1. Got a sec? Which of I38, I23, I77, I12 is surrounded by 11 or more Cβ atoms within 10 Å (Cβ to Cβ), among the aliphatic types (A, V, I, L, M) and in a strand (DSSP E or B)?
2. Under the condition of being open to solvent by less than 20 Å² (accessible area, probe 1.4 Å) and not aliphatic (A, V, I, L, M), which residue from segment 93-127 is nearest to the chain's Cα centre (by Cα)?
3. Looking at (1) without any contact (Cβ under 8 Å) to a residue 60 or more places away in the chain; (2) within 21 Å of M25 (Cα to Cα); (3) charged (D, E, K, R), which is the one condition that is false for D70?
4. Y136 is checked against (1) touching a Gly at 6+ places or on another chain (Cβ under 7 Å); (2) surrounded by 14 or more Cβ atoms within 10 Å (Cβ to Cβ) and fails just one. What number does that condition carry?
5. I'd like to know if segment 75-97 contains one or more residues that are more than 21 Å from M1 (Cα to Cα), touching a Lys or Arg at 6+ places or on another chain (Cβ under 9 Å) and at pLDDT 90 or above.
6. Output the residues belonging to segment 25-47 that are at pLDDT 90 or above and within 27 Å of T93 (Cα to Cα).
7. Checking E48 against (1) free of Cβ contacts under 8 Å to residues at least 24 places away in the same chain; (2) out of contact with any strand residue (DSSP E or B) (no Cβ under 8 Å at 6 or more places or on another chain); (3) surrounded by 15 or more Cβ atoms within 10 Å (Cβ to Cβ); (4) of a type outside the set (S, T, N, Q), which test does it fail?
8. I'd like to verify a number: residues in segment 120-142 that are in a loop (DSSP other than H, G, I, E, B) and farther than 12 Å from I96 by Cα, how many?
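The values are calculated or read from the model by the stated rules, or taken from the named source; none is laboratory data. All of these numbers come straight from a predicted model, not from anything done at the bench. Cβ coordinates were reconstructed from backbone atoms using ideal geometry, including for glycine residues, and neighbour counts include every protein chain displayed. The protein model used for the area step is the full one, side chains on, heavy atoms only, and it has no ligands, DNA or RNA in it. Shrake-Rupley method; radii C 1.70, N 1.55, O 1.52, S 1.80 Å.
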Amino acid sequence: MYKLVKASKKDIPRLIKYKKDIIYMYSKDLVEDERNKIDGYVITSANEMFEDYYNIIIDDKIIGSILLKDMPQGKLIDEIYIEKEFRNNGIGTDIIRKMLENNRNIYLWVYKENKKAISLYNRLGFIIVDETDSRYYMKYNK
């Protein structure tokens, strides 16, 4: 079984890699200037927010991370990243279900191209409340 352990400064390079992997998986055909801006944003945000990240650990091995941030309107679940060989085992779903049990208002952003995640969030009771060109803003109310 997995456990969630608060990230520390030493985790920042891995968090940056995960964050870039997520962004570039769904952001295609970017020009170099856009990539440079995204890279700068990723480095800055990972350094500023590392205290809100949790490592997902199985058998003393970090297999992913999740950003959980307390916001005035509720809990933001962001940047769920699980290493490829550990995906599709229900780990992400279980983490989200536990968040739903323990929090009243939860919201997240998801890339529109990430159909699998959108389907999961819908099954768990999230609804789309807003959108941008590339992402949906989804909310769960107990």
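1. I77
2. The selected residue is Y107.
3. Result: D70 passes all but (2).
4. The failed condition is (1).
5. So far as segment 75-97 goes, yes, one or more of its residues are more than 21 Å from M1 (Cα to Cα), touching a Lys or Arg at 6+ places or on another chain (Cβ under 9 Å) and at pLDDT 90 or above.
6. Residues satisfying the conditions are V42, S45, A46, N47.
7. Checking E48 against (1) free of Cβ contacts under 8 Å to residues at least 24 places away in the same chain; (2) out of contact with any strand residue (DSSP E or B) (no Cβ under 8 Å at 6 or more places or on another chain); (3) surrounded by 15 or more Cβ atoms within 10 Å (Cβ to Cβ); (4) of a type outside the set (S, T, N, Q), the one that fails is (3).
8. So the count comes out to 4.
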